[in-house]
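Each remark here refers to the structure printed beneath this line.
The values are calculated or read from the model by the stated rules, or taken from the named source; none is laboratory data. Computed from a predicted structure; not experimentally measured. Methodologically, a virtual Cβ is constructed for each residue, glycine included, from the backbone with ideal geometry; neighbour enumeration extends over all protein chains shown.
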Amino acid sequence: MSDRVEAISGLQQRKVFKIIVLGDSGVGKTCLTYRFCEGQFLDKSEATIGVDFRERTIKIKNEEIKLQLWDTAGQERFRKSMVQHYYRNVHAVVIVYDVTKPETFHSISNWMHEIESHSLMGAPRVLVGNKCDCGTPESRLATTYAVRLADKYGMPLFETSALLDTECDNVESIFLTLAHKLYSKQPLRVMSVEGELGPRVVTLPRHKRASRSDTCLCS
Ligand SMILES: Nc1nc2c(ncn2[C@@H]2O[C@H](COP(=O)(O)OP(=O)(O)OP(=O)(O)O)[C@@H](O)[C@H]2O)c(=O)[nH]1
Ligand SMILES: [Mg+2]
């Protein structure tokens with residue numbers, strides 16, 4: 001069975017999207033994923049060791065989709081080799097920074113290198129500036145800088161707060177945007193055709209049910 005689908009009952013299958021969450025330590029990755037999966041702020045968050053795993057089932061066009069969120073450790077000593085393993089079969093990426101800590105924003109280029117080294121530049125990605133409830137507008141990183149960087153890397157920007165209940169729609173949007181992008185991606189089935197001019201390749205819309213050979217989500 002493909003890494004994108006899981007058996008539920010009988011012949012029924014459910015799509016599974018695996019989303020990895022990256023960013024410096026303390027930017028709020030755990031709180032954001034907890035907010036999305038549990039619908040509330042996690043009061044006592046501790047530094048993640050290795051990777052934490054959360055999931056939530058959503059519906060798109062009446063189809064149940066399981067979103068698996070892989071919440072990684074920001075601290076280098078807790079990442080090490082453990083995290084490398086968790087990059088396998090990732091479909092989409094969330095990169096988080098803290099709007100009150102410019103150094104976490106400057107780290108984004110390092111996270112992009114990390115993504116690149118795992119061949120994930122073609123996967124849907126979003127940039128998230130968290131903790132918008134903190135500090136004053138002057139002390140927070142200007143949105144224009146963030147937009148410029150997001151544009152440079154070709155990803156949408158979300159500014160939000162895992163803490164505020166009033167921001168929960170925004171947190172929803174982060175993960176639902178990725179889910180819709182993944183859902184609407186139509187991986188192509190490649191078929192070889194012998195023509196007068198020799199073999200050529202045509203691409204056809206994929207069959208509804210995925211098989212192992214056509215599960216690539218990269219565009
Ligand atoms: N004010 C405010 N505090 C937040 C927000 N999100 C997280 N925090 C706090 O920031 C601290 C770090 O949050 P975590 O979610 O544990 O950060 P993390 O990115 O998972 O950190 P690592 O696991 O070490 O990589 C905690 O004390 C949270 O309570 C937010 O939106 N607003
Ligand atoms: Mg964490």
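Would you confirm, using the coordinates I've provided, whether G129 is touching a strand residue (DSSP E or B) at 6+ places or on another chain (Cβ under 9 Å) and either in contact (Cβ under 8 Å) with a residue 24 or more places away in the chain or buried (at least 21 other Cβ atoms within 10 Å of the Cβ) (or both)? When the stated conditions are applied, G129 passes them.
Does Y97 meet the test of being farther than 25 Å from D151 by Cβ, of a type in the set (F, W, Y) and in contact (Cβ under 8 Å) with a residue 24 or more places away in the chain?
Working: farther than 25 Å from D151 by Cβ: no; of a type in the set (F, W, Y): yes; in contact (Cβ under 8 Å) with a residue 24 or more places away in the chain: yes.
No, not satisfied.
Can we say Y97 is touching a helix residue (DSSP H, G or I) at 6+ places or on another chain (Cβ under 8 Å) and assigned to a strand (DSSP E or B)?
Working: touching a helix residue (DSSP H, G or I) at 6+ places or on another chain (Cβ under 8 Å): yes; assigned to a strand (DSSP E or B): yes.
Taking the combined requirement at face value, the residue satisfies it.
Would you confirm whether any residue within region 36-44 is modelled with pLDDT of 95 or more, within 17 Å of L127 (Cα to Cα), out of contact with any helix residue (DSSP H, G or I) (no Cβ under 6 Å at 6 or more places or on another chain) and within 15 Å of ligand 1 (Cβ to nearest atom)?
Going residue by residue through region 36-44, those that are modelled with pLDDT of 95 or more are 36-42.
Those still in the list that are within 17 Å of L127 (Cα to Cα) too: 36.
Filter again for out of contact with any helix residue (DSSP H, G or I) (no Cβ under 6 Å at 6 or more places or on another chain), leaving none.
Within region 36-44 (the criterion being modelled with pLDDT of 95 or more, within 17 Å of L127 (Cα to Cα), out of contact with any helix residue (DSSP H, G or I) (no Cβ under 6 Å at 6 or more places or on another chain) and within 15 Å of ligand 1 (Cβ to nearest atom)), the answer is no, since none of the residues qualifies.
Restricting F17, F41 to those that are within 13 Å of the chain's Cα centre (by Cα) and hydrophobic (A, V, I, L, M, F, W, C) reduces the list to F17.
Of the strands (runs of 3 or more DSSP E) lying entirely inside region 117-219, those containing at least 1 residues that are at pLDDT 90 or above and out of contact with any Leu (no Cβ under 8 Å at 6 or more places or on another chain) span 125-130, 157-159. The residue list K59, K29, K18 contains one member that is touching a Phe, Trp or Tyr at 6+ places or on another chain (Cβ under 8 Å) and either away from ligand 1 (no atom under 13 Å from the Cβ) or under 16 Å from T104 (Cβ atoms) (or both), which is K18.
Checked against the criterion of being farther than 17 Å from R35 by Cβ, touching a residue at least 24 places away in the same chain (Cβ under 8 Å) and either within 13 Å of ligand 2 (Cβ to nearest atom) or crowded, with 17+ Cβ neighbours inside 10 Å (or both), region 51-62 has at least one qualifying residue.
Checked against (1) near ligand 1 (Cβ under 10 Å from one of its atoms); (2) in a strand (DSSP E or B), R54 meets all criteria but (1). The requirement of being modelled with pLDDT under 95, surrounded by fewer than 21 Cβ atoms within 10 Å (Cβ to Cβ) and within 14 Å of ligand 1 (Cβ to nearest atom) is not satisfied by E103.
Answer yes if at least one residue in region 162-169 is of a type in the set (D, E, K, R), within 26 Å of Q40 (Cβ to Cβ) and surrounded by 13 or more Cβ atoms within 10 Å (Cβ to Cβ), and no otherwise.
Here is the first cut: in region 162-169, the ones of a type in the set (D, E, K, R) are 165, 167, 169.
Next, from what is left, pick out any that are within 26 Å of Q40 (Cβ to Cβ): 165, 167, 169.
Filter once more, so that each one left must be surrounded by 13 or more Cβ atoms within 10 Å (Cβ to Cβ): 167.
Yes: region 162-169 contains one or more residues that are of a type in the set (D, E, K, R), within 26 Å of Q40 (Cβ to Cβ) and surrounded by 13 or more Cβ atoms within 10 Å (Cβ to Cβ).
Residue pairs whose Cβ atoms lie under 9 Å apart, sitting 6 or more positions apart in sequence or on different chains, and linking a residue in region 36-50 that is closer than 17 Å to I19 by Cα and in a loop (DSSP other than H, G, I, E, B) to a partner that is of a type in the set (K, R) and away from ligand 2 (no atom under 14 Å from the Cβ), are G50/K80.
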